[in-house]
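Undergrad: My structure is below; once you've seen it, I'll send some questions.
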Amino acid sequence: MTDRSGMIFGNPISERDRRKAERSKQKFMKRFGDDSSADYPVIIRPNPVIGPLLGVSDIRVAEEGPSEEFDLEKGLIVGNIRMGFGHYRISMAMASAANALGYKPYWMDLNSFPETSCTKVIGAQNDLYSKGSRISQKSRLFNKIVWEPMNYEGFRKLSYNASDQKNAEIMGTVFKNIPKEIPLIGTHVWPAQAALHGGMKYVVNAIPDNWPMALHLAEGSVHTIQTKQSYIGYRTLNGMRGKEVLKPMPAESLVYTGHYIDDELVRNLEADCEARLRRKEEKKPMRFLLTIGGAGAQKEIFAAIIRYLLPAVKKEKAALYVNVGDYRNVWDALAAEIEGLSDVAEEHFNDWAGTLSFTERALTDDVTGVHAFWHEDIFEAVYCTNLLIRSCDVLVTKPSELAFYPVPKLFIKRIGGHEKWGAIHSAEIGDGTIECEDIPHTLAMIRMFMKDEVLFAEMCANILENKKTGIYDGAYKAVRIAMDLKNR
């Protein structure tokens, strides 16, 4: 196994930071065990939710039972972890693009094999990150002193990547019985790093966000990025060791692709924008899609938006889609807090067939009222938003991975400092607002969407122009890069 923590793109890591990285690995091994000699069985089974839609099959490690065979010619592994919804969303875009291009997508979530040390390590770090995120929403002081600096500068350091690389050595075991010649796209850096440590030959590391951080480096892979703004930052490893000038990434290690977007959204983009403009012209209710993830993070902002829009909903001037993901308690809290919400809301709860039917009808039929969506299954919870995007008029979201989607967007306050660059990029290419950092500015932007005749139309026009230049083709390009690595 190659030690990737002592030298990163020709830049030596200090002995102090190398010892720190080794201590991190030993701590996890002491806590969760060393399973490097384990020989976990692997099975493949159809994904019951996105399998019928995107052709996806799941790779299950440390499980036995009936199994499909690996498609060694057309197979493509999408390596991911469940950490919030963003990385699953990018994974679905990659799977969708792979399916559209005639390949066989396999879903490999390294955070879903509870028997393995890999999942235990990822789970522990995910729990810590989630805890920090929740505290940051409750404490402005913690957010200012700890959370924002960590997400903005802490994860940017090359020394942080050294520790991650050392920890990823523990994760490589899950690839022992995976055919090494199948290309893999990692939609989080840990699957990309783990795949390399596990001997996978053709690895693409699909970097999220729009702020260059060493956190996202997986040397040995081809790194893809969604924006040209971040290209120089990654090539030069800018700021990743203070003011020191570092040796750059090789040109072949970094490729701009554009945004990672699902095939069905890109393919139907013109028709969906035309429908949005027609609804605006005909003065139909403006449809706002609210996506509430992160265990209800920023609930107070969404509550204010819903409370503000309810009178317009009752007058059929607005309509609301509210997706609370897999957090039923978030909807219950909103319904209890906002007077009259339950009276006008139709609940689409744990009924995937019903959700599919609604999203299909909404493309052509009128929509009024409030429609709430909750699904216990993580795939249903995430993909529900993708389905609703096509028929919504405005997506209301923090500037996370949804910042890159081809739909008019209203950005509420970010959670991590790195997220602000997603809103900046979206505003620059004209398909989203600036980040609204408080409730009054958020509500003012909603009024503008509803009453102004120019803003909304210009966003739709910009989305159409962006498509012509390939901005939304990133998932297709990442898939082609992965398959070309093998074919070359």
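Undergrad: So which residues in the range 1-57 are closer than 30 Å to SER159 by Cα, in contact (Cβ under 8 Å) with a residue 40 or more places away in the chain and assigned to a strand (DSSP E or B), if there are any at all?
TA: ILE8, ASN11
Here's the yes/no breakdown for (1) of a type in the set (A, V, I, L, M, F, W, C); (2) farther than 18 Å from TYR40 by Cα:
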residue: SER139; (1), (2): no, yes
residue: MET150; (1), (2): yes, yes
residue: ALA162; (1), (2): yes, yes
residue: ASN167; (1), (2): no, yes
residue: LYS180; (1), (2): no, no
residue: GLY186; (1), (2): no, yes
residue: TRP190; (1), (2): yes, yes
residue: ALA194; (1), (2): yes, no
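Undergrad: OK, next. Can you name every residue in the range 414-455 that is surrounded by fewer than 20 Cβ atoms within 10 Å (Cβ to Cβ) and assigned to a loop (DSSP other than H, G, I, E, B)?
TA: GLY430, GLU437, ASP438, ASP452, GLU453, VAL454
Undergrad: Looking only at the range 19-42, how many residues end up being crowded, with 17+ Cβ neighbours inside 10 Å and in contact with a strand residue (DSSP E or B) (Cβ under 9 Å, 6 or more places away or on another chain)?
TA: Of the residues in that region, 2 qualify.
Undergrad: Next question. Name the single residue, out of those in the range 48-63 being among the hydrophobic types (A, V, I, L, M, F, W, C) and under 16 Å from ILE77 (Cβ atoms), that is farthest from the chain's Cα centre (by Cα).
TA: The selected residue is VAL61.
Undergrad: Residues in the range 126-142: is at least one surrounded by 19 or more Cβ atoms within 10 Å (Cβ to Cβ), at pLDDT below 95, in a helix (DSSP H, G or I) and not basic (Lys, Arg)?
TA: Yes, the range 126-142 contains a residue that is surrounded by 19 or more Cβ atoms within 10 Å (Cβ to Cβ), at pLDDT below 95, in a helix (DSSP H, G or I) and not basic (Lys, Arg).
Undergrad: Is there any pair with a first residue in the range 459-487 that is under 10 Å from VAL204 (Cβ atoms) and a second that is among the basic types (Lys, Arg) whose Cβ atoms are under 9 Å apart and which are 6 or more apart or on different chains, and what are they?
TA: Close Cβ pairs (under 9 Å, with a partner that is among the basic types (Lys, Arg)) amount to MET483/LYS74; LEU485/LYS201.
Undergrad: Restricting to the range 248-283, what's the tally of residues that are surrounded by fewer than 17 Cβ atoms within 10 Å (Cβ to Cβ) and among the β-branched types (Val, Ile, Thr)?
TA: 1
Undergrad: For ALA97, work out the one condition from (1) touching a strand residue (DSSP E or B) at 6+ places or on another chain (Cβ under 6 Å); (2) among the small types (Gly, Ala, Ser); (3) in a helix (DSSP H, G or I) it doesn't fulfil.
TA: Condition (1) is where ALA97 drops out.
Undergrad: Of all residues in the range 143-186, count the ones that are within 22 Å of ARG241 (Cβ to Cβ), aliphatic (A, V, I, L, M) and buried (at least 20 other Cβ atoms within 10 Å of the Cβ).
TA: First, the residues of the range 143-186 that are within 22 Å of ARG241 (Cβ to Cβ): 146, 148-168.
Okay, now just the ones that are also aliphatic (A, V, I, L, M), so 146, 150, 158, 162, 168.
Pick out the ones that are also buried (at least 20 other Cβ atoms within 10 Å of the Cβ) and you get 158, 162, 168.
Selection size over the range 143-186: 3.
Undergrad: How about the range 338-410: which helices (runs of 4 or more DSSP H) wholly inside it have at least 1 residues that are at pLDDT 95 or above, surrounded by fewer than 17 Cβ atoms within 10 Å (Cβ to Cβ) and among the hydroxyl-bearing types (Ser, Thr, Tyr)?
TA: Counting at least 1 such residues, we get 352-361.
Undergrad: Here is a follow-up. How many residues are assigned to a loop (DSSP other than H, G, I, E, B), surrounded by fewer than 23 Cβ atoms within 10 Å (Cβ to Cβ) and not hydroxyl-bearing (Ser, Thr, Tyr) if we restrict to the range 58-84?
TA: 15
Undergrad: Within the range 163-190, count every residue that is in a helix (DSSP H, G or I) and closer than 20 Å to ASP34 by Cβ.
TA: Counting residues in the range 163-190 that are in a helix (DSSP H, G or I) and closer than 20 Å to ASP34 by Cβ gives 14.
Undergrad: I'd like the full set of residues that are out of contact with any His (no Cβ under 9 Å at 6 or more places or on another chain), within 25 Å of ILE389 (Cα to Cα) and either crowded, with 23+ Cβ neighbours inside 10 Å or among the small types (Gly, Ala, Ser) (or both), limited to the range 92-108.
TA: Passing the criteria: MET92, MET94, ALA95, SER96, ALA97, ALA98, ALA100, GLY102, PRO105, TYR106, TRP107.
The values are calculated or read from the model by the stated rules, or taken from the named source; none is laboratory data. Just so we're clear, the structure is a prediction, and the values are computed from it rather than from any experiment. Neighbour counts are summed over all protein chains in view; Cβ atoms, including those assigned to glycine, are modelled from backbone coordinates with ideal geometry.
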